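Chemist: Here it is, the structure, as structure tokens.
Each reported figure results from applying straightforward, stated rules to the coordinates on display, with no laboratory input. Because the structure is a prediction, the values reported are computed rather than measured. So basically every Cβ, Gly included, is an ideal-geometry build from the backbone, and we count neighbours across all protein chains shown.
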Amino acid sequence: MPQVKFLGHSCVTITEGEHKLIIDPFLSDNPKAPVKASDVDVNYVLLTHGHGDHVGDAIAIAKRNKATVIANFELANLCAGEGAQIHPMHIGGSHKFDFGRVKLTIAHHGGGYGADASRYTGPPCGFLITIGGATIYHSGDTGLFYDMKLIGEMNRIDLAFLPIGDNFTMGVDDAVKAVEFLSPAKVVPFHYDTWDIIAEDPKNFADRVKGAEVFILKPGEGLTL
């Protein structure tokens, strides 16, 4: 059975047997990260978009572990230019890997690499990851969009990770609606409290969600599907 762990902000690990994935490994500059990038042992690094608080330590982790970066075509090729092994994809596409299946979904946000986010990294995305018989949806940074209803209708989602911090992404009101659209069995809020500008009490979210079990994970905590 897959095990997931929340490492703060939007960083998540998924482990199932020998397969080890990490999504958006923003660790070194994350004040809430419970682990160091040098301690991360993975086979795959998945990136939702090119902002620094999501790419984070991805290239260093990928190179040290000889892990494959999975990202949109533009962002993947940027990582390849820095010496990482890549598997480029794009919105709406899916691919079967040795651990399972990945499909890229739309996300409403931005993207840009570097201190001023000026290097083009293609559109942001979310991930539908099927591994060990479970399907996990990681929305990436996004606002609410009505196609979440379609994503929920076409996929049995066992666990969804959704942002609640507002300002840069959905806030609580929209995240509650996203749960209604997606109909996941379980949901974990993320992208909040890293900095004051996205401060939010996750209990405000949990108390309002209907039809899904909410897990409020502190950085370093996880659950088994």
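Chemist: Assuming 0.692 mPa s and 37 °C, estimate D for the range 1-122 with Stokes-Einstein, Rh taken as the Kirkwood radius over Cα pairs, in µm²/s.
Modeler: The Stokes-Einstein estimate is 229 µm²/s.
Chemist: Name the most mobile residue of F161, F205, F127, meaning the one with the largest mean-square fluctuation, in a Gaussian network model of the chain with Cα contacts below 10 Å.
Modeler: Evaluated over the chain, the most mobile residue of the options is F205.
Chemist: Hey, another quick one. Using only helices, what value at 222 nm comes out for the chain when you add -39,500 (n - 2.57) per DSSP H run of length 4 or more and divide by the total residues, to the nearest 500 deg cm²/dmol?
Modeler: The helix contribution divided over the chain gives -5000 deg cm²/dmol.
Chemist: What dipole magnitude, in Debye to the nearest 20, does the chain give about its Cα centre under +1 on Lys/Arg Cβ and -1 on Asp/Glu Cβ?
Modeler: Dipole size: approximately 600 debye.
Chemist: Please compute the contact order of the chain in relative form: average sequence separation of alpha-carbon pairs under 8 Å and at least six residues apart, divided by the residue count, as a percent.
Modeler: 18 percent
Chemist: No solvent, one uniform scatterer per C-alpha: report log10 I(q)/I(0) for the range 3-216 via the Debye equation at q = 0.09, 0.10, 0.15, 0.17 1/Å, two decimals.
Modeler: Log10 I(q)/I(0), no solvent term: -0.30, -0.37, -0.90, -1.19.
Chemist: Could you please report the charge total around K186, scoring K, R as +1 and D, E as -1 over all other residues with beta-carbon less than 9 angstrom from its beta-carbon?
Modeler: Around K186, the charge tally is -2.
Chemist: Out of all DSSP beta bridges with both ends in the range 76-225, state the antiparallel percent to the nearest 5. List each step's numbers first, then the result.
Modeler: Values: 16 of 26 bridges.
Counting DSSP beta bridges with both partners in the range 76-225, the antiparallel share is about 60 percent.
Chemist: Another one. Amide H to amide H under 5 Å from H19: which residues, 5+ apart in sequence or cross-chain, H placed 1.01 Å off N in plane?
Modeler: Placed amide hydrogens put nothing under 5 Å from H19.
Chemist: Name the residue from T135, P184, F161 whose Cα lies farthest towards the positive end of the charge dipole of the range 107-225, charges +1 on Cβ of Lys and Arg and -1 on Cβ of Asp and Glu.
Modeler: Of the listed residues, the answer is T135.
Chemist: Would you grab the residues whose amide H sits under 5 Å from the one on E213? Only those 5+ places off in sequence or on another chain, please, with H modelled 1.01 Å from N.
Modeler: K186, V187
Chemist: If Lys and Arg each add +1 and Asp and Glu each add -1, what is the summed charge of the other residues whose beta carbon sits under 15 Å from the beta carbon of K36?
Modeler: -1
Chemist: Could you pull out the trypsin sites (Lys or Arg not before Pro) across the range 142-177 that fall in loop regions by DSSP (anything but H, G, I, E, B) with no more than 12 other Cβ atoms inside 10 Å?
Modeler: For trypsin sites (Lys or Arg not before Pro) across the range 142-177 that sit outside H, G, I, E and B with at most 12 neighbouring Cβ atoms in 10 Å, the list reads R156.
Chemist: Mind checking which lysines have their C-alpha under 16 Å from K96, skipping anything on the same chain fewer than 8 residues away?
Modeler: Those lysines meeting the cut-off are K20.
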